[in-house]
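What follows is a short report on a single structure.
The values are calculated or read from the model by the stated rules, or taken from the named source; none is laboratory data. These figures come from a predicted structure and were not determined experimentally. Please note: Cβ atoms are built from the backbone with ideal geometry, for glycine as well, and neighbour counts cover all protein chains shown. Areas reflect the complete protein model, heavy atoms only, side chains present, ligands, DNA and RNA absent. Shrake-Rupley method; radii C 1.70, N 1.55, O 1.52, S 1.80 Å.
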Amino acid sequence: QRWVNEMIPKLLDPYMHLLRTTKNLSSEPSEHQRPCTCGNVDGRVLAIVVVRMCSLEQIQLAICACHPAPVLVVDRGLFPCAPLHPTLAVDIRHLDFVTRYFLRTSPN
């Protein structure tokens, strides 16, 4: 329920921005950090394992009350695997590739 009611609506704008800035995922997303507007009172660093096409990597994200972790993850071109504090994310370009691949693969 949290995905449907809270996170997906919050992720639509960052995702559309990602599509615009990467020309429909044809280029690498920038790794800019959104400026904090809450003063980073409850800020913490979140370690996230990223699944890319040919590798795994670990990134660190500074999260706070004004920017939830899933929004910051989508800004980097990744999709979070949990709605609140994800520890795993998958490259959106990889998800796009897999979706297109399975649409064109004949069933066994």
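Here's the yes/no breakdown for (1) without any contact (Cβ under 8 Å) to a residue 12 or more places away in the chain; (2) closer than 19 Å to HIS94 by Cβ:
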residue	(1), (2)
TRP3	no, no
LYS10	no, no
ASP13	yes, no
LEU19	yes, yes
GLY43	no, no
VAL49	no, yes
PRO68	no, no
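If only residues of the range 67-98 that are closer than 17 Å to TYR15 by Cα and of a type in the set (Val, Ile, Thr) are counted, the one that is surrounded by the most Cβ atoms within 10 Å (Cβ to Cβ) is VAL73. Any residue at all in the range 28-39 that's out of contact with any Leu (no Cβ under 8 Å at 6 or more places or on another chain), farther than 20 Å from ARG93 by Cβ and of a type in the set (Val, Ile, Thr)? Scanning the range 28-39 turns up at least one residue that is out of contact with any Leu (no Cβ under 8 Å at 6 or more places or on another chain), farther than 20 Å from ARG93 by Cβ and of a type in the set (Val, Ile, Thr). When restricted to residues that are within 28 Å of VAL98 (Cβ to Cβ) and open to solvent by less than 80 Å² (accessible area, probe 1.4 Å), the range 35-66 contains 12.
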